[in-house]
Amino acid sequence: MSDHAPARSPQDLDDSIAGGIGESPTRPDGALKVRGEYAYASDLWAEDMLWGATLRSPHPYARIRSIDIGPALATPGVYAVLTHSDVPGENLYGLKIVDQPVLAVDVVRYRGEAVALVAADHPETARRAMERIEVDYEVLEPITDPELAAHDTTLPELHPGGNVVRHQPIVKGDPEASADVVVSGLYTLGMQDQAFLGPEAGLAVPAPDGGVDLYLATQDLHSDRKQTAQALGLPPEKVRMTMSGVGGAFGGREDLSIQVHCSMLALHTGKPVKMVYDREESFHGHVHRHPAKMYYEHGATRDGDLVYVRATLYFDGGAYASKTPVVVGNGTTLGIGPYAVPNVRIEGWGLYTNNPPCGAMRGLGAVQPALAYEAQMDKLADALGMDPVEVRIRNALSQGGTTPTGQVLDYPAPVAELLDRVRRLPLPAEHDSAPADIRDLPGGASNTTHGEGVVRGIGYGVCIKNICYAEGADDYSTARVRLQIIGGEPLAVVHTAAAEVGQGLVTVQQQIARTELGVERVNIHPNDTDVGPAGSSSASRQTYVTGGAVRNACEAVRDVLLQRVAARSGESIGDLSLSGGKVVSSATGVLADLADVIGDDVIEETREYHHRETYPLDEELGTSERAQVQHAFSAHRAVVDVDTELGLVKVVQLDCSQDVGKAMNPEAVIGQIQGGSAQGLGLAVMEEIRVDGGTIRNASFTDYLIPTILDMPPMNIDVIERADPNSPYGVRGVGEPPTISSTPAVVAAIRAATGKALTHTPVAPEHIIADIPR
Amino acid sequence: MDFLRPTSWRDALEAKAHHPDATPIAGGTDVMVEINFDHRRPTSLLDLTGIDELASWSEHGGKLRIGAGLPYTRLIDELGDRLPGLAIAARTVGSPQIRNRGTLGGNLASASPAGDGHPPLLASGAEVEVESVRGTRLLPVEEFFTGVKRHALASDELISAVHIAPATGAQQFSKIGTRNAMVIAVCTFAIALHPERQRVGTGLGSAAPTPLRAIEAEEFLSGELADSGQWDSPRPLDDSVVRQFGDLVARAASPIDDVRSTADYRTHALGVMARRTLGWVWDEYRNHPSSTGRPECA
Ligand SMILES: Cc1cc2nc3c(=O)[nH]c(=O)nc-3n(C[C@H](O)[C@H](O)[C@H](O)COP(=O)(O)OP(=O)(O)OC[C@H]3O[C@@H](n4cnc5c(N)ncnc54)[C@H](O)[C@@H]3O)c2cc1C
């Protein structure tokens, strides 16, 4: 590491927390964050550093005729101006499909695509120099309709091979089955943003060995390193990455942003280079949730048993593939929801267009269909004259049930139980006269109603989400655990590359080590690439896989200790355990103090955890013995007040029942459910990136609205623990499901209050006023 | 970028005369956003927060004189009882942090069609006091706005204060936003009863290139109320009057489609807000003909 290395971000948290598995110790970074003292990646700083800036395409689709960097380079204070010809390695990267240039060559495929880089001694200098780069564009007609991109062969091909990123059919039973009661609908979803508060940022420091040390905020250090090394033409070991403070992620930090750009500038100038996006650039500089257009038809018996589901889903992937293949995989395999249906035909399309690239976001690919299948279940209940919860319970998937891909669920799937529990949670009081505080009414502080036009509605949503990577990916994490005696006391240090993105992984890792090693003091080593991969903090997977890896490494350390003591004491290793910093025998009691057993040694073990193998989908039928390793379920009930004359909504209460397998940290679980539900509520009533002709019209938090405390109501949260026998500690991913089932519940409640069809989400006031009745 | 920080009003006017291109900055809640977005790159900033008198208010000859630099929080706390319409509007501005910093002077000079301070000023017939080293002018607030984000200030002028009469009758303000707090208006409506003049005042925001009054609606309603002797012996209003008032307010608007909403929705919502707020102020007037309109929430 170079002597330029900046102060570590406070990821190396010396405060050891209290509590083991199943307790709720407070986060080690909590106080710092609340006090505003936590250092995020945007706070990184090095002596003598330069500032990097990225010139981006102003056009959604254009040919680049020429780029003139001369005037920019001549600007005083400018150290480098780089274009595609300066990319040292391969000028292409991508998470699943390597299709995105580090810097555009002869074509730009979206508004915001990176075209050139500047390094200067001041951010303002860099900005001004950027304006002096002269790019001659030949503007082309953008492709903006994904459905057309799927079928219109006269459109230009945005990438070699055409505009289809992935097409996946799923067929189960009789795809042409018929039924007595049929409901159908077309549903659309707008583009949601992760809306993390900490913008993309990093500091690249050139190293004496010709490599680079990059400090950054990301979700997956090793994925970044692999792609960055490739683009820099360096062996991976010369690209060393260290996690800095992450200000939220939600999927938006899975793709590269500053990584290659910042490193290129540092290697080129021989100086540390810092890059930080401002908010507007951030909106252009990361992927969003795929907008979707979804055609659905459900057939059922007159008793309410589902006979078939047929659906076609179009996901707009935008200009580059990013996670589009996975979105199509999840969207189709989970496309009928947590229901048992004998006959299924689903077709999913992920498309290239000239819209902003879309990729990972919490609930990946499962959020979109949930809006359609849950609207359909309500429609079906309506057509049958049945209670919406009853219809769902009647058709609920359960353990031993089969998914549309033919996978038999060999773990609990308490869908019916969750629905039943959520409907039994207490309801808010009806208000007979206008409440005293307008902030409790639709419009809130804006004083639009004193009760006029307000109608209450209740709606339900339930969902299914796959946990961890799927479809044959070797999904694993690595942990290194070191135990030594410091100041007479045992101290365990847990070292992984797993990103703490706010979910509480730093806490859970310490809890596991404390419990497994029976020690009080556990520190978390800063995340870096000196240890093996952990995979991404996505797919609700880190407590599962990194939790499993930390457990395995702790067990290995424990084995070393116990073997020593067994050899010394002659006791059988099976009788020994670690507790309270001592080795204890079930036969003879305390045998030794850890301090004596370890002495001056450092006991260090590194272990991986791989979950059960999964298998790809059949390309024609979508069948797979095990496409996904685990599924998680949650159910929401929303109570809303709608001002039916103005179309304004107040979500009065949002309740959730969720199965988490095992609550490793019960309060953190509640936090995930609250946060996920808020994000889902946002999608239901306000969060949409408005894209017009390929251009984002609201690239700021002025007009991309996310819920405030007045929008997010109190929640009743009911957590159940039905252990998955296949996962470490029985855990089941927690983070994503509440984001998925909350949105359809809120939309259903608005439909119940207004009687309107509301087929587009988010629901805007003008939809409620203008829309057709159901 | 130069940073000028006068500590007296006189010095501020001198500075503005010497640096006509200097950008005044009060709370900075608009200026800083514009600089961040690179929408403007001021050569110099003229900081007005060092001038105590600008952040004060006083009462002269039955009128309130509100310093241009008085933050919303103080306006609400100190003048909310006498200016209930303006206080309701001020409560809808941003968040507590923004209300601690943001000022009416800044709101006026930004001259955004969506400025929430403007409609209540229109409904109350307020005047804007502007000043330069050359002297002082008093402009009726509707003459202050000349276009989208354009106003009547000369390059050497600063806003010194707003003159407004304390409420003599009920006042209301209503704002549509797609979130329940901290939101830029989709459209707004303000209404003020002036029993002593037997007049009704209105103000519309985000309804046209500039904030505006619905003059026909004012004339109609003032006429209806006077003709039927309602000011002296108020009775419940006829539905047809309320509806007509709402229609006339909606008709006064010439809104646009933009990223926040549609023209149709805005027109519709203005009508609804006009009917509802009229109902509220009239109920209050009937119940307490002499009191002012008190806001509903603390
Ligand atoms: C998060 C957020 C939320 C917001 N929400 C709302 C909202 O809900 N409703 C709303 O109306 N506004 C809102 N705003 C905008 C802003 O807060 C208001 O317009 C506020 O009134 C501006 O006042 P200020 O003192 O901060 O003005 P500044 O930013 O200091 O100045 C604004 C403009 O006025 C000029 N100026 C200031 N004082 C004078 C003076 N005395 N003479 C001449 N020119 C002057 C400045 O040069 C500048 O052009 C919001 C802003 C933010 C950042």
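Brief remarks follow.
- Neighbours by Cβ (under 8 Å, 6+ apart or cross-chain): first from region B:219-231, farther than 20 Å from residue B:251 by Cβ; second in a helix (DSSP H, G or I) and modelled with pLDDT of 95 or more: B:230/B:224; B:231/B:225
- When region A:690-716 is limited to residues that are within 30 Å of residue A:139 (Cα to Cα), more than 15 Å from the ligand (Cβ to nearest atom) and at the interface with chain B (Cβ under 10 Å from one of its Cβ atoms), the one that is most open to solvent (accessible area, probe 1.4 Å) turns out to be A:697.
- Single residue of region B:188-233 satisfying the filter (among the hydroxyl-bearing types (Ser, Thr, Tyr) and in contact with a strand residue (DSSP E or B) (Cβ under 7 Å, 6 or more places away or on another chain)) that is nearest to the other protein chains (Cβ to nearest Cβ): B:188
Here's the yes/no breakdown for (1) within 14 Å of chain B (Cβ to nearest Cβ); (2) in a helix (DSSP H, G or I):
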site	(1), (2)
A:404	no, no
A:430	no, no
A:442	yes, no
A:445	yes, yes
A:449	yes, no
A:458	no, no
A:461	no, no
A:466	no, no
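- Test: residue in region A:758-774 that is more than 24 Å from residue A:652 (Cα to Cα), open to solvent by 10 Å² or more (accessible area, probe 1.4 Å), more than 14 Å from chain B (Cβ to nearest Cβ) and over 22 Å from the mean Cα position of the chain (by Cα): yes
- For residue A:302, the criteria (1) open to solvent by 10 Å² or more (accessible area, probe 1.4 Å); (2) within 30 Å of residue A:95 (Cα to Cα) hold in every case but one, which is (2).
- Being open to solvent by 10 Å² or more (accessible area, probe 1.4 Å) and either outside any loop (DSSP other than H, G, I, E, B) or not aromatic (Phe, Trp, Tyr) (or both) is a description that applies to residue A:726.
- Residues (within 10 Å of the ligand (Cβ to nearest atom) and part of a loop (DSSP other than H, G, I, E, B)) located in region B:28-75: B:28, B:29, B:30, B:40, B:42, B:48, B:49, B:51, B:68, B:69, B:70
- In summary, strands (runs of 3 or more DSSP E) completely within region B:167-244 and bearing 3 or more residues that are among the polar types (S, T, N, Q) and buried (at least 17 other Cβ atoms within 10 Å of the Cβ) occur at B:171-176.
- Residues within region A:29-46 that are outside any loop (DSSP other than H, G, I, E, B), surrounded by fewer than 18 Cβ atoms within 10 Å (Cβ to Cβ) and among the aliphatic types (A, V, I, L, M), tallied: 3
- In region B:135-187, the residues that are of a type in the set (Phe, Trp, Tyr) and away from chain A (no Cβ under 14 Å): B:144, B:145
- Look at (1) open to solvent by 10 Å² or more (accessible area, probe 1.4 Å); (2) within 14 Å of chain B (Cβ to nearest Cβ); (3) of a type in the set (Gly, Ala, Ser) and you find that residue A:473 fails only one, number (2).
- Count of residues meeting criterion [in a helix (DSSP H, G or I) and open to solvent by less than 40 Å² (accessible area, probe 1.4 Å)] in region A:373-398: 12
- For residue A:543, the criteria (1) out of contact with any Cys (no Cβ under 8 Å at 6 or more places or on another chain); (2) open to solvent by less than 10 Å² (accessible area, probe 1.4 Å); (3) outside any strand (DSSP E or B) hold in every case but one, which is (2).
- Options A:261, A:268, A:222: the member that is in a helix (DSSP H, G or I), at pLDDT 95 or above, within 16 Å of residue A:54 (Cβ to Cβ) and touching a Ser or Thr at 6+ places or on another chain (Cβ under 8 Å): A:261
The values are calculated or read from the model by the stated rules, or taken from the named source; none is laboratory data. Keep in mind that what you see is a predicted model, and the values were worked out from it rather than measured. Methodologically, a virtual Cβ is constructed for each residue, glycine included, from the backbone with ideal geometry; neighbour enumeration extends over all protein chains shown. Heavy atoms of the whole protein, side chains included, go into the accessibility calculation; ligands, DNA and RNA do not. Shrake-Rupley method; radii C 1.70, N 1.55, O 1.52, S 1.80 Å.
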